[in-house]
Ligand SMILES: [Zn+2]
């Protein structure tokens, strides 16, 4: 089936950064066939195609959320203003209440929330990831299910090596799936032993899937590596041989110039989570320095217990605000660069840049239509500026993943949000976890 979306501002994010205004895009089944200016939209192109009038909206590539924890929707808003909620609060509650069904229902809800905001690709990192992969597949989103591993064990496996074997089975299971894949995602640099990190890295790199972990995020992580090894976390990862082209490090707030040079040399990539980092008062990652070195960087929301919302439009705005403020330069981080981090560069960091991230013939039809009829979207002089500084998730009109329409008229097509919410809420009510809801200690 052929579909034409016409009368839109097409923001391609191709190499030449072409914009067609007004323009059209043609896709057939799951693949983009053509994009160009409206004046080149001939009868021949239109023949036999269903037509969507984009009403001068902005058609952009589906956004990429490079780092999140989809199973954590039940924890959103808990302990938001606590000093340390991870160890005193989240991990104990996870051990008490998290199970396969909760991960499945939470991941379905999170996928729905992301699709409604224009995210079409996501790298998830959590427990019971077979359930997360199943949920993402059913919801139609493109995703990588990262099975988290920790030395001390977690709600799914008490032994990290069992979690690694489970992760490898999952990688094999989804190896030839068109949208879903899997990886092993160690929790962090200081929560996994070097043996565990090396075992996970060797499996991930042999399947060429991301080896992703929290890196250079926490003050205590920095102190630990300084005290134990006189190294930074990045130097430590390199010293044990797990810093390579498949390494995708989340956060990277506390990075020295030498760390960044190491990342560049090894081809490692970064998931920048500006909203989560600044909300937790941890600092602003040196992204200007990363981009100067051509280190692949994309944007992540972090989990709903950290960054609260899972949309990338919010992260784009925060990215502009904080980096301009940090550099005291109003012209720093122009909107075009930020849109590239949210799309093609995010796809590159995820290893999917040949598949998605730009609107070009041959790529997957992962598309987002942002309407420009709402009060906040008029006028549009520069579509990059409109996307970064004006747009919010309520402007997302339609979303396609691999050519399948998953959001239409601002509503989910395959399922409805009320249903997803009710199912998850019933499950939350049925757990011990309910007792702790709303309490911060
Ligand atoms: Zn995280």
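Quick note: the coordinates plus some simple rules give every number you see, no bench work behind them. All of these numbers come straight from a predicted model, not from anything done at the bench. Ideal geometry is used to build each Cβ from the backbone, glycine not excepted, and the neighbour counts take in all protein chains shown.
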Would you be able to say whether some residue in the range 334-347 is under 27 Å from residue 51 (Cα atoms) and assigned to a loop (DSSP other than H, G, I, E, B)?
-> yes
The range 116-128 residues that are closer than 17 Å to residue 414 by Cβ and in contact (Cβ under 8 Å) with a residue 24 or more places away in the chain, paired with ones that are within 13 Å of the ligand (Cβ to nearest atom) and in a loop (DSSP other than H, G, I, E, B) (beta carbon under 8 Å, 6 or more apart) | 117/310; 119/310
Would you point out the residue of the range 279-297, among those that are more than 14 Å from the ligand (Cβ to nearest atom) and not in a loop (DSSP other than H, G, I, E, B), that is nearest to residue 210 (Cα to Cα)?
-> 297
In the range 155-173, what residues are surrounded by 20 or more Cβ atoms within 10 Å (Cβ to Cβ) and part of a loop (DSSP other than H, G, I, E, B)?
-> 155, 156, 157
So is residue 310 in contact with a helix residue (DSSP H, G or I) (Cβ under 8 Å, 6 or more places away or on another chain) and more than 19 Å from residue 126 (Cβ to Cβ) or not?
-> no
What's the number of the condition residue 176 fails, among (1) surrounded by fewer than 24 Cβ atoms within 10 Å (Cβ to Cβ); (2) touching a strand residue (DSSP E or B) at 6+ places or on another chain (Cβ under 9 Å); (3) within 17 Å of residue 130 (Cα to Cα)?
-> (2)
Give the residues of the range 66-87 that are assigned to a loop (DSSP other than H, G, I, E, B) and either surrounded by fewer than 14 Cβ atoms within 10 Å (Cβ to Cβ) or more than 12 Å from the ligand (Cβ to nearest atom) (or both), sorted by residue number.
-> 76, 77, 78, 79, 80, 81, 82, 83, 84, 85
Within the range 245-254, is even one residue assigned to a loop (DSSP other than H, G, I, E, B), touching a strand residue (DSSP E or B) at 6+ places or on another chain (Cβ under 6 Å) and within 15 Å of the ligand (Cβ to nearest atom)?
-> yes
Working only within the range 377-391, note down all residues that are within 17 Å of residue 61 (Cα to Cα) and in a helix (DSSP H, G or I).
-> 383, 384, 385, 386, 387, 388
Only one of (1) in a loop (DSSP other than H, G, I, E, B); (2) farther than 14 Å from residue 212 by Cα is not met by residue 191, so which one is it?
-> (2)
Quick check: is even one residue across the range 256-274 part of a helix (DSSP H, G or I), within 16 Å of the ligand (Cβ to nearest atom) and touching a helix residue (DSSP H, G or I) at 6+ places or on another chain (Cβ under 8 Å)?
-> yes
Residue that is nearest to the chain's Cα centre (by Cα) [pool: residues in the range 392-422 that are part of a helix (DSSP H, G or I) and surrounded by 17 or more Cβ atoms within 10 Å (Cβ to Cβ)] = 393
Just a yes or no: is a residue in the range 220-238 in contact with a strand residue (DSSP E or B) (Cβ under 8 Å, 6 or more places away or on another chain) and not in a helix (DSSP H, G or I)?
-> no
Pairs only if they're at least six apart or on different chains, beta carbon under 8 angstrom, first in the range 243-269 and in contact (Cβ under 8 Å) with a residue 40 or more places away in the chain and more than 11 Å from residue 211 (Cβ to Cβ), second more than 16 Å from the ligand (Cβ to nearest atom) and assigned to a loop (DSSP other than H, G, I, E, B); list them, first residue then second.
-> 259/232
